[in-house]
Amino acid sequence: MHLKKDNIYPLFKIRTPNYVDFYMEHKKKIDQNGHVWFCRFGKNNMKVQSLTSCEPLLLMKESGKKHGGIYIAEYDRMESFVPLSETSVPSYYKTILHPPSLWFRILSLEKFDFQLLCDCFVGNTSGGDIEKILQSMCPAFFIRCTKEIKI
C-alpha cells in the first residue's frame, strides 16, 4: 500500500464487543474468501460522494485501545446493503444492535503504527493534531497525509 503526500483518507473509529478480536475476525475472512465485508454501523456522518473521491483505503481506530488498535484496509466496493448471512461477513455482526449504514468490501487489512499515524497525518479541515482528534466524539473524519508512506 502506498499513501501519498497531501491525499485525503477516511479514518473510522470502531467499537467491537469485548470478546471480539477485530483484526483476527476480519483477517480470517480475508484469508478464507479473498475479502471481508466491513460495516459502519449507526448513523453515517460521511457522504458516499466524499468517500469515493478518496483513494480506496480506510484507516480504522479501535475505541478503548490507547496507542493501538490502528488498522489500514484496502477496499474495492461500497454498498448500502449486504446480507448478514453472506459468508464474508464476520459472524459477530449479527449481535450488533445498531443498524448497518455503509459496507466496504475489504481486500487487505494490516496493522498500522500509532506513532506513524500521529507523525504523518493531520485533520483535513482543521490541520489538527491526530491524537487530539481521536479524543473527539466524532466517529469518523477525513485526515490528510503529510508524507509519502509505503507499507
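The values are calculated or read from the model by the stated rules, or taken from the named source; none is laboratory data. Keep in mind the model is a prediction, meaning the values are calculated, not measured. Please note: Cβ atoms are built from the backbone with ideal geometry, for glycine as well, and neighbour counts cover all protein chains shown.
Does segment 60-76 contain any residue that is in contact with a strand residue (DSSP E or B) (Cβ under 7 Å, 6 or more places away or on another chain), charged (D, E, K, R) and exposed (fewer than 13 other Cβ atoms within 10 Å of the Cβ)?
Scanning segment 60-76 turns up at least one residue that is in contact with a strand residue (DSSP E or B) (Cβ under 7 Å, 6 or more places away or on another chain), charged (D, E, K, R) and exposed (fewer than 13 other Cβ atoms within 10 Å of the Cβ).
Restricting to segment 1-22, and then to whatever is surrounded by 12 or more Cβ atoms within 10 Å (Cβ to Cβ) and of a type in the set (Phe, Trp, Tyr), can you tell me which residue is nearest to Cys145 (Cα to Cα)?
Once the filter is applied, the top-ranked residue is Tyr9.
If I filter segment 114-126 down to residues being in a loop (DSSP other than H, G, I, E, B) and in contact with a strand residue (DSSP E or B) (Cβ under 8 Å, 6 or more places away or on another chain), which single residue comes out as surrounded by the fewest Cβ atoms within 10 Å (Cβ to Cβ)?
Thr125
Go through Leu102, Leu58, Leu109, Leu51 for me and flag whichever is in contact with a helix residue (DSSP H, G or I) (Cβ under 6 Å, 6 or more places away or on another chain), modelled with pLDDT of 90 or more and on the phi < 0 side of the Ramachandran plot.
Leu109
If a residue must be within 14 Å of Met46 (Cβ to Cβ) and part of a strand (DSSP E or B), how many such residues does segment 133-151 contain?
Restricting attention to segment 133-151, the residues satisfying the condition of being within 14 Å of Met46 (Cβ to Cβ) are 138-143.
The next check asks that each one be part of a strand (DSSP E or B); those that pass are 140-143.
Result for segment 133-151: 4.
Would a scan of segment 82-102 turn up a residue that is touching a Leu at 6+ places or on another chain (Cβ under 8 Å), in a loop (DSSP other than H, G, I, E, B) and among the small types (Gly, Ala, Ser)?
no
Of the numbered conditions (1) surrounded by 13 or more Cβ atoms within 10 Å (Cβ to Cβ); (2) in contact with a strand residue (DSSP E or B) (Cβ under 9 Å, 6 or more places away or on another chain), His98 satisfies every one except a single condition; which is it?
If we test His98 against (1) surrounded by 13 or more Cβ atoms within 10 Å (Cβ to Cβ); (2) in contact with a strand residue (DSSP E or B) (Cβ under 9 Å, 6 or more places away or on another chain), just (1) comes out false.
From the list Lys47, Lys111, Lys147, which residue is without any contact (Cβ under 8 Å) to a residue 60 or more places away in the chain, basic (Lys, Arg) and surrounded by fewer than 16 Cβ atoms within 10 Å (Cβ to Cβ)? First the steps, then the outcome.
Values: Lys111 fails: without any contact (Cβ under 8 Å) to a residue 60 or more places away in the chain; Lys147 fails: without any contact (Cβ under 8 Å) to a residue 60 or more places away in the chain.
Testing whether each residue is without any contact (Cβ under 8 Å) to a residue 60 or more places away in the chain, basic (Lys, Arg) and surrounded by fewer than 16 Cβ atoms within 10 Å (Cβ to Cβ) leaves just Lys47.
Of the conditions (1) surrounded by 12 or more Cβ atoms within 10 Å (Cβ to Cβ); (2) of a type outside the set (Val, Ile, Thr); (3) within 21 Å of Cys145 (Cα to Cα); (4) at pLDDT 95 or above, Glu25 fails just one. Which one is it?
(3)
Mind listing just one residue for me: the one in segment 119-136 that is under 17 Å from Glu62 (Cα atoms) and under 16 Å from the mean Cα position of the chain (by Cα) and, of those, modelled with the highest pLDDT?
Only one residue tops the list, namely Ile130.
Failed condition for Val82, given (1) surrounded by 16 or more Cβ atoms within 10 Å (Cβ to Cβ); (2) at pLDDT 90 or above; (3) in contact with a His (Cβ under 9 Å, 6 or more places away or on another chain), with all others met?
The one condition Val82 does not meet is (3).
Can you tell me which condition Ser88 does not meet? The list is (1) polar (S, T, N, Q); (2) loosely packed, with under 15 Cβ neighbours inside 10 Å; (3) more than 18 Å from Cys138 (Cβ to Cβ); (4) in contact (Cβ under 8 Å) with a residue 40 or more places away in the chain, and all the others hold.
Here Ser88 clears every test but (2).
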